[in-house]
Amino acid sequence: MAVGFRFRDFVPDENPEKGFDTLFKLFMQLVTITAGDVSEALQWLNELDKQYGLTDDEYGMGDFIEDLKKKGYIDENEQQLGELKITAKSEQLIRKSALEEIFGKLKRGTQGNHRTPHAGQGDELTTDLRDYQFGDTIEQIEMTESLRNAQLNHGLEGNFLLTEGDLEVRDTEHKTQTSTVLMIDISHSMILYGEDRITPAKKVAMALAELVKQKYPKDFLDIIVFGNDAWQIEVKDLPYLQVGPYHTNTVAGLELAMDLLRKRKTANKQIFMITDGKPTCLKEPGGYYKNSFGLDRKVVNKTLNLAAAARRLKIPITTFMIASDPYLQQFVREFTETNQGKAYYSSLKGLGSMIFEDYKRNRRKTL
């Protein structure tokens with residue numbers, strides 16, 4: 001009996017499913033946009049309910065709020081009684097997303113979780129076999145293949161003979177640690193011109209942090225934000241990030257990132273920078289040098305000098321560009337080429353459609 005598939009046109013459900021799951025998906029999106037403000041997120045959810053009828057007589061918004069509490073997604077704020085806050089459980093759920101292809105070619109280093117192209121005396125067995133070498137452990141020897149070699153090489157007559165030349169071992173792969181600094185632009189330009197750039201920036205940051213935390217737990221991940229200055233934050237602070245009345249001191253961010261990486265003893269170090277691509281500020285002994293009009297050569301040159309310095313230290317910089325302005329993209333291309341790193345460009349409609357610029361391989365591809 002033949003088995004096959006029957007295809008038909010998709011018809012949207014005229015009566016969409018109501019209840020906790022539907023409301024929860026919207027709530028988690030809204031709480032990200034509102035920088036962790038539960039009250040504001042619930043107000044927006046109520047407005048959506050009025051417009052689209054998300055609740056009914058059987059399951060109302062009050063039921064949803066109580067379920068959020070019972071399931072451990074929100075709790076009372078101990079500092080401000082009567083105010084709700086998201087919990088660590090919600091913070092982790094907000095961070096979860098997929099963002100792969102963030103690690104390039106890796107050098108041998110301390111045991112970690114990143115595959116490298118190097119084989120030999122590593123920490124994970126492969127399917128490849130090779131001749132025995134001095135230093136290989138007994139556990140790596142493939143006895144079946146080695147005995148077969150002995151029979152083929154010395155025959156079955158007389159005393160059994162097994163020599164070093166008969167031994168085959170199961171090859172291993174090296175895994176390595178990577179030290180990553182994640183830089184996030186929180187300057188005022190991230191919300192200018194009617195565009196909310198900070199929300200998609202936060203989503204990329206949270207996805208990246210969660211990926212490193214779960215898939216590569218032996219790695220080091222430091223997170224910094226940069227406006228007029230640069231400072232370090234924790235992973236748990238990511239959902240609450242807000243834009244400040246700041247200019248964009250990319251130089252301060254890169255300097256702090258490189259200082260953090262110098263303290264790490266891992267062989268592989270890298271910087272990921274989420275920005276709208278426009279540095280506008282420098283810190284000088286007398287105060288701040290600022291210019292928000294266009295790309296100031298004084299600011300740009302110092303930024304490019306740091307990109308070159310990172311390249312000399314073999315620290316690649318991957319830039320996530322949350323803007324579509326052609327002249328901003330031109331700066332990112334120049335910055336990326338100077339560092340020989342990578343750049344991702346995304347519109348605000350979604351980070352799934354990005355152009356991946358790989359200057360190391362001199363090629364372009366659309367993801």
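None of the figures in this text is laboratory data; all of them are computed from the coordinates on show. These figures come from a predicted structure and were not determined experimentally. Positions of Cβ are backbone-derived with ideal geometry, glycine not excepted, and every protein chain shown enters the neighbour counts.
What distance in nm separates the simple spin-label points at THR22 and ILE191, each placed 7 Å from Cα in the Cβ direction?
3.1
Taking the convex hull of the Cα atoms, report for region 208-261 its projected area averaged over all directions, in nm².
Directional mean of the projected Cα hull area for region 208-261 stands at 4.0 nm².
Suppose each label sits 7 Å from its Cα in the direction of the beta carbon; what would the ASP237-GLU83 distance come out to in nanometres?
1.8
On the first, second and third principal axes, largest extent first, how far apart are the outermost C-alpha atoms of region 244-296 in Å?
So the extents along the principal axes, rounded to whole Å, are 40, 26, 21.
Modelling each spin label as a point 7 Å along the Cα-to-Cβ direction, I'd like the ILE138/HIS154 distance in nm, to one decimal.
Label at ILE138, label at HIS154, 1.8 nm between them.
In Å³ and rounded to a whole number, note down the convex hull volume per residue for the Cα atoms of region 220-339. Walk me through the numbers on the way to the answer.
Details: hull volume 13.6 nm³, N = 120.
That works out to 113 Å³ per residue.
Find the percent of Cα-Cα distances in region 20-86 that exceed 15 Å, and round it to a whole number. Let's see the in-between values first.
Values: 1093 of 2211 pairs.
Value for region 20-86: 49 percent of Cα pairs lie more than 15 Å apart.
Structure shown: which of LYS236/LYS290; LYS89/LYS342; LYS215/LYS342 lie over 24 Å apart, alpha-carbon to alpha-carbon?
LYS236/LYS290; LYS89/LYS342
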